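**Student:** Got a structure here, written out as structure tokens. Questions coming.
The values are calculated or read from the model by the stated rules, or taken from the named source; none is laboratory data. Keep in mind it's a predicted model, so treat the numbers as computed, not measured. Cβ placement follows ideal geometry from the backbone for every residue including glycine, while neighbour counts extend to all protein chains displayed. Just so you know, the surface numbers come from the protein's heavy atoms only, side chains and all, with ligands and any DNA or RNA stripped out. Shrake-Rupley method; radii C 1.70, N 1.55, O 1.52, S 1.80 Å.
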Amino acid sequence: MSVIRKQHGHFLEDFQPGDVYRHKGGKTVTEGLFAIFTDFSMTANPLSKNARYASAYGFEGMVCPPGLVMVTVFSQSVEDVSENARANLEYVDMRFGVPVYIGDTLEAETLVLGVKASTRTPDLGVVHVQTTGRNQHGEVVLTFQRKVQVWKKSPTACVAEGEVAPRDIPVSLELPRYDRARDYRALAHLSSPDTYVEDFHTGDVLEHTRARVVTTEHVMLTGILDNTSQVHCNQWMVSEAPDKFVGGQLIVFGGIPFSLCLGISSADVADNALADVRYATGRHTAPIFAGDTVFASTEIRGVRELPGRPDLGVLDTILRGHKFVKKADGAERVEIFYLEREVAVKRRSHYA
Amino acid sequence: MSVIRKQHGHFLEDFQPGDVYRHKGGKTVTEGLFAIFTDFSMTANPLSKNARYASAYGFEGMVCPPGLVMVTVFSQSVEDVSENARANLEYVDMRFGVPVYIGDTLEAETLVLGVKASTRTPDLGVVHVQTTGRNQHGEVVLTFQRKVQVWKKSPTACVAEGEVAPRDIPVSLELPRYDRARDYRALAHLSSPDTYVEDFHTGDVLEHTRARVVTTEHVMLTGILDNTSQVHCNQWMVSEAPDKFVGGQLIVFGGIPFSLCLGISSADVADNALADVRYATGRHTAPIFAGDTVFASTEIRGVRELPGRPDLGVLDTILRGHKFVKKADGAERVEIFYLEREVAVKRRSHYA
Amino acid sequence: MSVIRKQHGHFLEDFQPGDVYRHKGGKTVTEGLFAIFTDFSMTANPLSKNARYASAYGFEGMVCPPGLVMVTVFSQSVEDVSENARANLEYVDMRFGVPVYIGDTLEAETLVLGVKASTRTPDLGVVHVQTTGRNQHGEVVLTFQRKVQVWKKSPTACVAEGEVAPRDIPVSLELPRYDRARDYRALAHLSSPDTYVEDFHTGDVLEHTRARVVTTEHVMLTGILDNTSQVHCNQWMVSEAPDKFVGGQLIVFGGIPFSLCLGISSADVADNALADVRYATGRHTAPIFAGDTVFASTEIRGVRELPGRPDLGVLDTILRGHKFVKKADGAERVEIFYLEREVAVKRRSHYA
């Protein structure tokens, strides 16, 4: 007889550049997951709200918003990649593929691109990975790189430092074609009249006026994604080690402010989007805790054409999230999230 | 470059009698929304619980309870009508149409019936509207009037005072016909034996013995309805302005106690109902906050026949909600909700 | 006119050995209920996560995890059996039948096996029942006995003491047959590589390293199951009578730690299970409150063959739940749940 404490996930010394992890579980998008996560995030795009509208545009049904696709694929990678992480440092080159519908099953795998031990802290290092999620037909729905700060299990263990090149993951953003025979204008009242490509100007900054508090619901939201990281749900563990765990508070899973910032921005910049195309880079610049109210703003950095789609344009934006923290002399605005975001938006000339 | 703070929703000076708002979004009733909202409310009617039972009665599937139909249609009108409201004053002549099923897409529009500036408060006034929700076939599922106290954006702005007549919105309560060939009695154990028309007597008051606390879940419940009002979810905003926002607390969206009172009452008065028919008038008489426990009672004001349906009767009732508030010398019972409610209930003679 | 306070549920003096209650309501498993309850519990078995995997194994679709089947059937019995209970004492001989799928409608009935007044406390006694849940085809999905401590309504009422024999409820655990033509190995990466029958040894104790806090979400989780017991959701009632209700706190419905312990254990002992077979006995050994973090461990008591299924084995285990309670001199580990659990697990020889 023996007492076994299975350690889940991997430590720095377990990663080898070139390793591939095919993640456990997989995840079928039920109407439960779809409704809870889509609506929690305050998404305003009718493609994720209204089946009549989505069908009229030529989609197979309501479309998962980008935040839900991202958190579903990402969460599958947590056990293998970041269950023993200290911090998620950066998202790089996140690209969206075919639309995700209710009923789709997403599975994910991760290639280890790089491993590097910290020169300052003997029990930490950075793992650089490339994660790809596919649907039940094998089509890519999302691919991205991320850099994670991971604990070593043993401070003296050898680390397989090195780097390999990322795989070339062909991603095709499959959007229904523009069809003159469809009466898009009859649906135009269902989205904002002033969020078409023609309405955006380089340099504008939209301070989104709506915001939303995150409650202890975050524990359930994280659980429903199968995200296994303990720092989001093991209250006893973090309470017992406040020095290690930001004062003994559960940290809200980054996917939650990620989705929420996308959702908060959508009434002003994306309720006439057909898809998010790519996030060049992104990071969580401060943690969120239950009780924090999340705000967001969008900076328009450019407006460009989408080759082959005269009905659409691409907005190059920076989406920033922030919260306010009380100080003796008032409130400080603290940036919590930064995302370089490219969105494919409809032109008024074609749709309204 | 400019910083843009888009103001969502309308202010008193934006409303003109006779204006029609076709609301954004629309909403498909997913199994997620259905399960969460139906069950949250403690509904006891098997039509909203048990697909076998609903089908055996001739419905196409499980039936959305009236509270869910109401909050789904209502919430779509919030951005245009009441995102900048101070208070929801009254519901008038709320009538239900065809049953709503999982998978239906509801869209809504609102006609402005009246606008009136306050004579006492320069920055307030009352807007009177008529909102109608329809399914994807264009059939009316709900129509109602409401009166809302709305802020002016500029205290000196002109207000387009006036009134127009409400539209005549034909509503047909489409219930499956009574069919002698169906074995209703084989299902009678699935609902209460003592909530048939024959069991109710004018003047009786049923103090419903079950109650339910509202937790911070209300933020998610309100979000899942796409209700965009900030007073229900923007904790920072209300904390910073306690004088404006009832002491700095998030107010629970009225649709939540509305649904909850309907649900709490259902085990005693509506688990043998086929439908709610009409609410002549209703109002929220005190706010609800997270932590409050909601109770309800039903007064039977009349029991009458439903023309053409000898198998059914109509109960004319008053549904009241209340909570208890601690006082120095005990607890005060505070009424929170008042609804004149007409319910179509089965007769024991035909069903049990 | 009269004021009526309908008492729901039964009291000790209402029960007669041999009585059968056909419970109200019934419950269709929506994708909302499935997603919320399955994922809340941290279940790791892909059969409840991944429709592609479940179909490849020959199931009709994703399979409800045992905890969801149990709480759904159990909750239907609450109004009749335990709405007026003081404590749930013991589960006995809980056996699972055919798999439960999304869309199934479960209905339940309960036979009263025994009634016994307390010799020490005049207003209490024990009711012993046998509850059986069936799907819309009449197939048994679950049957179990339980013993409940129930209040008398009147301390002087007569109690119909006595016992009858339990019914013989034939239960067949219908699992898809092992089919050499299926390529199970192509799916093996979706579950753990070290949780096959061959990996378990009698006497081993697995201390599951993951844990999860229960938040006030428990009120909604209990409501979504139609569990009508007031001690889980009527905050006012319990706050007003702290002596009667464990200090004035809402007790978390036992089905929640029951499901959560099953889920927490699954990554280590049941993500390669095809089904839970039987729980010989089980009990809640301490209450859980919002804020408690639930941990679990599994003791392997035996590993045996499953007649007719060389591809499977049965683990005889004890699943224990615990929480930690702060004490002056540290933390005390308090057992909260005990379950003798038999699980049908795949053999590596056949599947990986």
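**Student:** If you scan region B:290-343, which residues turn out to be among the basic types (Lys, Arg) and open to solvent by 10 Å² or more (accessible area, probe 1.4 Å)? Spell out the reasoning first.
**Tutor:** Step one: list which residues in region B:290-343 are among the basic types (Lys, Arg), which gives B:301, B:304, B:309, B:320, B:323, B:326-327, B:333, B:341.
Scanning region B:290-343 gives B:Arg301, B:Arg304, B:Arg309, B:Arg320, B:Lys323, B:Lys326, B:Lys327, B:Arg333.
**Student:** Can you tell me how many residues within region A:119-140 are of a type in the set (A, V, I, L, M, F, W, C) and in contact with a Pro (Cβ under 9 Å, 6 or more places away or on another chain)?
**Tutor:** Quick first cut of region A:119-140, residues of a type in the set (A, V, I, L, M, F, W, C) only: A:124, A:126-127, A:129, A:140.
Still in the running and in contact with a Pro (Cβ under 9 Å, 6 or more places away or on another chain): A:140.
Of the residues in that region, 1 qualify.
**Student:** Taking into account only those residues within region A:211-226 that are in a loop (DSSP other than H, G, I, E, B) and open to solvent by less than 20 Å² (accessible area, probe 1.4 Å), which is modelled with the lowest pLDDT?
**Tutor:** Of all residues in region A:211-226, those in a loop (DSSP other than H, G, I, E, B) come to A:211, A:214-216, A:225-226.
Next cut, open to solvent by less than 20 Å² (accessible area, probe 1.4 Å) only: A:211, A:214-215, A:225.
Numbers: A:Ala211: 97, A:Val214: 97, A:Thr215: 97, A:Leu225: 94.
Looking at the filtered set, the residue picked out is A:Leu225.
**Student:** For region B:277-289, which residues satisfy the criterion of being open to solvent by 10 Å² or more (accessible area, probe 1.4 Å) and not β-branched (Val, Ile, Thr)? Outline the logic, then answer.
**Tutor:** Step one: list which residues in region B:277-289 are open to solvent by 10 Å² or more (accessible area, probe 1.4 Å), which gives B:277-278, B:280-281, B:283-287, B:289.
Those that are open to solvent by 10 Å² or more (accessible area, probe 1.4 Å) and not β-branched (Val, Ile, Thr): B:Arg278, B:Ala280, B:Arg283, B:His284, B:Ala286, B:Pro287, B:Phe289.
**Student:** Can you find even one residue in region C:265-272 that is out of contact with any strand residue (DSSP E or B) (no Cβ under 6 Å at 6 or more places or on another chain), acidic (Asp, Glu), over 28 Å from C:Trp151 (Cβ atoms) and within 13 Å of another protein chain (Cβ to nearest Cβ)? Before you say what the answer is, go through the steps one by one.
**Tutor:** Let us first name the residues in region C:265-272 that are out of contact with any strand residue (DSSP E or B) (no Cβ under 6 Å at 6 or more places or on another chain), namely C:266-267, C:271.
Now narrow it down to the ones that are acidic (Asp, Glu): C:271.
In the following step, the residues that additionally are over 28 Å from C:Trp151 (Cβ atoms) were identified as C:271.
Now restrict to residues that are within 13 Å of another protein chain (Cβ to nearest Cβ): C:271.
For region C:265-272, residues out of contact with any strand residue (DSSP E or B) (no Cβ under 6 Å at 6 or more places or on another chain), acidic (Asp, Glu), over 28 Å from C:Trp151 (Cβ atoms) and within 13 Å of another protein chain (Cβ to nearest Cβ): present.
**Student:** Kindly establish whether C:Arg5 is farther than 23 Å from A:Gly25 by Cα and in contact (Cβ under 8 Å) with a residue 24 or more places away in the chain. Please lay out each step first, then the result.
**Tutor:** Details: farther than 23 Å from A:Gly25 by Cα: yes; in contact (Cβ under 8 Å) with a residue 24 or more places away in the chain: no.
It is false that C:Arg5 is farther than 23 Å from A:Gly25 by Cα and in contact (Cβ under 8 Å) with a residue 24 or more places away in the chain.
**Student:** Sticking with this one: Scan region B:1-11 residue by residue and report those that are open to solvent by less than 50 Å² (accessible area, probe 1.4 Å) and among the charged types (D, E, K, R).
**Tutor:** Matches in region B:1-11: B:Lys6 only.
**Student:** Do you know which of the residues in region B:179-198 that are closer than 25 Å to B:Asp316 by Cα, in a loop (DSSP other than H, G, I, E, B) and open to solvent by 50 Å² or more (accessible area, probe 1.4 Å) is nearest to the other protein chains (Cβ to nearest Cβ)?
**Tutor:** If we take residues in region B:179-198 being closer than 25 Å to B:Asp316 by Cα, in a loop (DSSP other than H, G, I, E, B) and open to solvent by 50 Å² or more (accessible area, probe 1.4 Å), then B:Asp194 is nearest to the other protein chains (Cβ to nearest Cβ).
**Student:** Same structure, new question: Of all residues being of a type outside the set (S, T, N, Q), in a loop (DSSP other than H, G, I, E, B) and at negative phi in region A:35-49, which is nearest to the other protein chains (Cβ to nearest Cβ)? Just the residue, please.
**Tutor:** We begin by selecting, within region A:35-49, every residue of a type outside the set (S, T, N, Q); these are A:35-37, A:39-40, A:42, A:44, A:46-47, A:49.
So of that shortlist, the ones also in a loop (DSSP other than H, G, I, E, B) come out as A:42, A:44, A:49.
With the extra rule that they be at negative phi, the set shrinks to A:44, A:49.
Details: A:Ala44: 7, A:Lys49: 5 Å.
Among residues in region A:35-49 that are of a type outside the set (S, T, N, Q), in a loop (DSSP other than H, G, I, E, B) and at negative phi, the one nearest to the other protein chains (Cβ to nearest Cβ) is A:Lys49.
**Student:** Could we say that C:Arg52 is in a helix (DSSP H, G or I) and open to solvent by 30 Å² or more (accessible area, probe 1.4 Å) here? Give the derivation first.
**Tutor:** On the way: in a helix (DSSP H, G or I): yes; open to solvent by 30 Å² or more (accessible area, probe 1.4 Å): yes.
Taking the combined requirement at face value, the residue satisfies it.
**Student:** Against the conditions (1) within 10 Å of chain C (Cβ to nearest Cβ); (2) surrounded by 18 or more Cβ atoms within 10 Å (Cβ to Cβ), where does B:His201 fall short? Just the number, please.
**Tutor:** Here B:His201 clears every test but (2).
**Student:** Something else: Given the conditions (1) part of a helix (DSSP H, G or I); (2) of a type in the set (Gly, Ala, Ser); (3) in contact (Cβ under 8 Å) with a residue 24 or more places away in the chain, and given that C:Gly203 satisfies all but one, which numbered condition is not satisfied?
**Tutor:** Here C:Gly203 meets the rest and fails (1).
**Student:** Looking at A:Val314, A:Val334 in this structure, which one is within 21 Å of A:Arg212 (Cα to Cα) and of a type in the set (A, V, I, L, M)? First the steps, then the outcome.
**Tutor:** Working: A:Val314 fails: within 21 Å of A:Arg212 (Cα to Cα).
Step by step, each of A:Val314, A:Val334 is checked, and only A:Val334 is within 21 Å of A:Arg212 (Cα to Cα) and of a type in the set (A, V, I, L, M).
**Student:** C:Ala344: over 12 Å from C:Phe200 (Cα atoms), among the aliphatic types (A, V, I, L, M), away from chain A (no Cβ under 13 Å) and in contact (Cβ under 8 Å) with a residue 40 or more places away in the chain, yes or no?
**Tutor:** Numbers: over 12 Å from C:Phe200 (Cα atoms): yes; among the aliphatic types (A, V, I, L, M): yes; away from chain A (no Cβ under 13 Å): yes; in contact (Cβ under 8 Å) with a residue 40 or more places away in the chain: yes.
Spelling it out, C:Ala344 is indeed over 12 Å from C:Phe200 (Cα atoms), among the aliphatic types (A, V, I, L, M), away from chain A (no Cβ under 13 Å) and in contact (Cβ under 8 Å) with a residue 40 or more places away in the chain.
**Student:** Does region B:15-47 hold any residues that are without any contact (Cβ under 8 Å) to a residue 60 or more places away in the chain and acidic (Asp, Glu), and which are they?
**Tutor:** Result: B:Asp39, single match.
**Student:** Among the listed residues A:Ser266, A:Ser259, which satisfies the condition of being under 16 Å from the mean Cα position of the chain (by Cα), open to solvent by less than 10 Å² (accessible area, probe 1.4 Å) and within 25 Å of A:Gln235 (Cβ to Cβ)? First the steps, then the outcome.
**Tutor:** Numbers: A:Ser266 fails: within 25 Å of A:Gln235 (Cβ to Cβ).
Within the list A:Ser266, A:Ser259, the selection yields A:Ser259.
For every residue, the table says whether it meets (1) outside any loop (DSSP other than H, G, I, E, B); (2) away from chain A (no Cβ under 14 Å); (3) surrounded by 24 or more Cβ atoms within 10 Å (Cβ to Cβ); (4) aliphatic (A, V, I, L, M).
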site: C:Glu13; (1), (2), (3), (4): yes, yes, no, no
site: C:Pro17; (1), (2), (3), (4): no, yes, no, no
site: C:Tyr21; (1), (2), (3), (4): yes, yes, no, no
site: C:Leu33; (1), (2), (3), (4): yes, no, yes, yes
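**Student:** Turning to a different aspect of this structure: Taking the stated definitions as given, is A:Asn45 closer than 19 Å to A:Pro176 by Cβ and either touching a His at 6+ places or on another chain (Cβ under 6 Å) or open to solvent by less than 10 Å² (accessible area, probe 1.4 Å) (or both)?
**Tutor:** On the way: closer than 19 Å to A:Pro176 by Cβ: yes; either touching a His at 6+ places or on another chain (Cβ under 6 Å) or open to solvent by less than 10 Å² (accessible area, probe 1.4 Å) (or both): no.
Answer is no for this residue.
**Student:** Right, something else. Just to check your reading of the model, which residue among B:Thr317, B:Thr281 is out of contact with any His (no Cβ under 9 Å at 6 or more places or on another chain), more than 14 Å from every other protein chain (Cβ to nearest Cβ) and polar (S, T, N, Q)? Spell out how you get there, then give the answer.
**Tutor:** Values: B:Thr317 fails: more than 14 Å from every other protein chain (Cβ to nearest Cβ).
Step by step, each of B:Thr317, B:Thr281 is checked, and only B:Thr281 is out of contact with any His (no Cβ under 9 Å at 6 or more places or on another chain), more than 14 Å from every other protein chain (Cβ to nearest Cβ) and polar (S, T, N, Q).
**Student:** So, in region A:210-233, how many residues would count as being within 8 Å of chain C (Cβ to nearest Cβ) and touching a residue at least 12 places away in the same chain (Cβ under 8 Å)?
**Tutor:** Matching residues across region A:210-233 total 9.
**Student:** Still on this structure, please answer the following. Scanning region C:238-256 for residues that are of a type outside the set (Val, Ile, Thr) and closer than 12 Å to C:Ile288 by Cβ, which turns out farthest from the chain's Cα centre (by Cα)?
**Tutor:** Restricting attention to region C:238-256, the residues satisfying the condition of being of a type outside the set (Val, Ile, Thr) are C:239-245, C:247-250, C:253-255.
Then keep just the ones that are closer than 12 Å to C:Ile288 by Cβ; that gives C:249-250, C:253-255.
On the way: C:Gln249: 22, C:Leu250: 20, C:Phe253: 11, C:Gly254: 8, C:Gly255: 5 Å.
Only one residue fits best here, namely C:Gln249.
**Student:** Give the number of residues within region B:234-252 that are part of a loop (DSSP other than H, G, I, E, B), more than 7 Å from every other protein chain (Cβ to nearest Cβ) and open to solvent by less than 10 Å² (accessible area, probe 1.4 Å). Spell out the reasoning first.
**Tutor:** Start the filter on region B:234-252 by keeping residues that are part of a loop (DSSP other than H, G, I, E, B), which leaves B:234, B:241-245, B:249-252.
So of that shortlist, the ones also more than 7 Å from every other protein chain (Cβ to nearest Cβ) come out as B:241-245, B:249-252.
Then keep just the ones that are open to solvent by less than 10 Å² (accessible area, probe 1.4 Å); that gives B:252.
So the count comes out to 1.
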